[in-house]
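Engineer: One structure is given below, represented as structure tokens, and several questions about it will come after.
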Ligand code: UTP
């Protein structure tokens, strides 16, 4: 473990010496807990801290990007399906479920995947995803390795839940969990917050950290040894999504592109979804809040929105390319949040107002690191039912309606 002296030097470098201010009153075990945390935290994210100047927000020249559309897929479905199933059968495909988020908008006190979306019976979000993957296992006759990313905060609950539910019928030899890294939270002056005298306030470092955590857990070596070439990365909250979808995989392989992204046509110009486009000639995702009014409403020659392909956090990455880009630094996004922290009496309080910032890297930034990305359009009502909130847009209610529409018994 790092020594007190080394910790002090490290903290001085980042102007965070206050983390050691209670050192003298801490017990031996509290001291080692604190040193342990200092040792594993990535302080370099603090370099990006200037509230008004987020480097992730500097953009290049943006242009619309075309897609393989739903009607193209209808025409070429057989070819795509054959290619995709071939790759799955050859053991070239794995999937990574991003389940390390805190799901604050849903307000559920357990990991989001443990939420029961059933009405008259139990049907958990994790179960919906596993059922969808089992469809492909049945079609291909092959178990697809599934790696589930959790965070320190929800790992135990998630692993226990899968055990308790017998992996929802999936072959447990093909499921593995790995834990993402944590980043410190800071106040508006850039000073790291503390939860108590020996615990630094941290949160999961965003879903963009999945590849480095995956590699650190030894899983990159493992999949390379077994010949995996493609990884389908997807979010926990879309209960309708097709995972390791043979047609999607086949279309990306056939296109000879380095990556693929499932997209849906935007429902309206101001829909709050990031769009896939070209930035300085490379694939890129522009978040809804970064779009200008002109971009939002621009029409193409067919009278359709020029920037209409919204991303649904379901990507296909090539393992070789991922390794190549892993040496590049991901942009760090600064997100203002209400962060529970210690008050002047040493008590943990949850603030009423936003009081600081968290640091996150985002998987969508990996798309801009690719030379090419196939936009693959899917039918929204069949494949996009995100559970972000409990009611309203992208909610438990809307996801239930869509599940029913797709014949899922609730
Ligand atoms: P969201 O952007 O919806 O974030 O994550 P969230 O933390 O789950 O939810 P809110 O914003 O607090 O309500 C999109 C996907 O990325 C995963 C989430 O679990 C979800 O599948 N994620 C997010 C991680 O795996 N790690 C993170 O640090 C953040």
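No value in this document is a laboratory result; all are computed from the given coordinates. Quick caveat: nothing in here was measured; it's all calculated off a predicted structure. Glycine gets a Cβ as well: all are built from the backbone with ideal geometry, and neighbour counts include every protein chain shown.
Engineer: So if I take the centroid of the Cα atoms in segment 345-405 and the same for segment 31-110, what is the distance between those two points in Å?
Structural biologist: Result: 11 Å between the Cα centres.
Engineer: Looking at segment 283-410, I'd like the Rg to Rh ratio, where Rg is from alpha-carbon atoms and Rh is Kirkwood's inverse mean 1/r.
Structural biologist: Numbers: Rg = 19.7 Å, Rh = 18.7 Å.
Rounded to two decimals, Rg over Rh is 1.05.
Engineer: State the antiparallel share, in %, of DSSP beta bridges confined to segment 244-392, rounding to the nearest 5. Numbers along the way, then the final one.
Structural biologist: Working: 20 of 24 bridges.
So the antiparallel bridges in segment 244-392 amount to around 85 percent.
Engineer: Tell me what the chain gives for mean residue ellipticity at 222 nm when only DSSP H runs of n ≥ 4 count, each as -39,500 (n - 2.57), the sum divided by the residue total, rounded to 500 deg cm²/dmol.
Structural biologist: On the way: 13 runs with 123 residues, N = 410.
It lands at -8500 deg cm²/dmol.
Engineer: Right, something else. Using Cα pairs under 8 angstrom and six or more residues apart, how large is the relative contact order of segment 1-115, in percent? Don't jump to the answer; show the numbers that get you there.
Structural biologist: On the way: 30 pairs, mean separation 19.2, N = 115.
Relative contact order here is 17 percent.
Engineer: Starting with the fewest neighbours, write out 368, 18, 333 ranked by other beta-carbon atoms found within 10 Å of each beta-carbon.
Structural biologist: Details: 368 19, 18 11, 333 22.
Listing 368, 18, 333 from fewest to most nearby Cβ atoms yields 18, 368, 333.
Engineer: Right, something else. Let me know the shape class of segment 305-379, please: from the alpha-carbon gyration tensor, a ≥ b ≥ c as square roots of the eigenvalues, rounded when a/c is under 1.5, otherwise prolate if a/b is greater than b/c, or oblate.
Structural biologist: Details: a/c = 3.72, a/b = 2.04, b/c = 1.83.
Because a/c hits 1.5 or more and a/b exceeds b/c, segment 305-379 counts as prolate.
Engineer: In whole Å, what are the Cα extents of segment 1-45 along the three principal axes, biggest one first?
Structural biologist: 29, 18, 15
Engineer: How would you classify segment 117-249 from its alpha-carbon gyration tensor, with a ≥ b ≥ c the square roots of the eigenvalues: rounded for a/c under 1.5, else prolate if a/b is greater than b/c, otherwise oblate?
Structural biologist: Numbers: a/c = 2.24, a/b = 1.59, b/c = 1.41.
Verdict is prolate for segment 117-249.
Engineer: Wrap a convex hull around the Cα atoms of segment 1-80, take a quarter of its surface area, and give that in square nanometres.
Structural biologist: Values: hull surface 46.2 nm².
Result: a mean projected hull area of 11.6 nm².
Engineer: Roughly what angle does helix 28-40 make with the longest principal axis of the chain, taking Cα atoms, 0 to 90 degrees, to the nearest 10?
Structural biologist: The angle comes out near 40 degrees.
Engineer: Whole Å is fine, so just give me how far the alpha carbon centre of segment 137-151 lies from that of segment 258-274.
Structural biologist: 25 Å
Engineer: What is the helix-to-structure angle for 70-89, meaning the angle in degrees between its Cα long axis and the longest Cα principal axis of the chain, kept from 0 to 90 and rounded to the nearest 10?
Structural biologist: That works out to roughly 70 degrees.
Engineer: On to the next question. Which ordering of 337, 110 is given by a fewest-first count of other beta-carbon atoms within 10 Å?
Structural biologist: Details: 337 15, 110 12.
Result, fewest neighbours first: 110, 337.
Engineer: Can you tell me the orientation of helix 125-140 relative to the chain, as the angle in degrees between its alpha-carbon axis and the longest Cα principal axis, to the nearest 10?
Structural biologist: 40 degrees
Engineer: Stick to Cα atoms and the Kirkwood definition of Rh, then tell me Rg/Rh for the chain.
Structural biologist: Details: Rg = 22.1 Å, Rh = 22.6 Å.
We get a ratio of 0.97 for the chain.
Engineer: Compare the peptides 88-99, 384-395 by average per-residue count of other Cβ atoms within 10 angstrom and give them in order, highest first.
Structural biologist: Values: 88-99: 21.2, 384-395: 17.6.
Packing proxy ranking, top to bottom: 88-99, 384-395.
Engineer: Let me ask something additional. In 10 Å bins starting at zero, report the fraction of Cα pairs in segment 55-155 per bin as a rounded %.
Structural biologist: Per 10 Å bin, starting at zero, the Cα-Cα P(r) for segment 55-155 comes out as 12, 26, 28, 30, 5, 0 percent.
Engineer: Suppose each label sits 7 Å from its Cα in the direction of the beta carbon; what would the residue 280-residue 43 distance come out to in nanometres?
Structural biologist: Computed distance between label sites residue 280 and residue 43 equals 3.1 nm.
Engineer: State the antiparallel share, in %, of DSSP beta bridges confined to segment 111-254, rounding to the nearest 5.
Structural biologist: On the way: 7 of 12 bridges.
Roughly 60 percent of the DSSP beta bridges within segment 111-254 come out antiparallel.
Engineer: So what is the diffusion coefficient of segment 199-331 in µm² per second by Stokes-Einstein at 4 °C and 1.567 mPa s, using a Kirkwood Rh over Cα pairs?
Structural biologist: On the way: Rh = 17.0 Å.
Roughly 76 µm²/s, to the nearest whole number.
Engineer: Additional query: Given points 7 Å out from each Cα along the Cα-Cβ axis, report the residue 221 to residue 298 separation in nanometres with one decimal.
Structural biologist: Taking the simple label geometry, residue 221 and residue 298 are separated by 4.7 nm.
Engineer: So, one more: Just the number, please: percent antiparallel of the DSSP beta bridges in the chain, rounded to the nearest 5.
Structural biologist: Details: 38 of 59 bridges.
Roughly 65 percent of the beta bridges in the chain run antiparallel, per DSSP.
Engineer: From the Cα gyration tensor of segment 174-254, with a ≥ b ≥ c the square roots of its eigenvalues, which class applies: rounded if a/c is under 1.5, or else prolate if a/b is larger than b/c, or else oblate? Intermediate values should be presented prior to the final figure.
Structural biologist: Values: a/c = 3.09, a/b = 2.10, b/c = 1.47.
Prolate, because a/c is 1.5 or more and a/b exceeds b/c.
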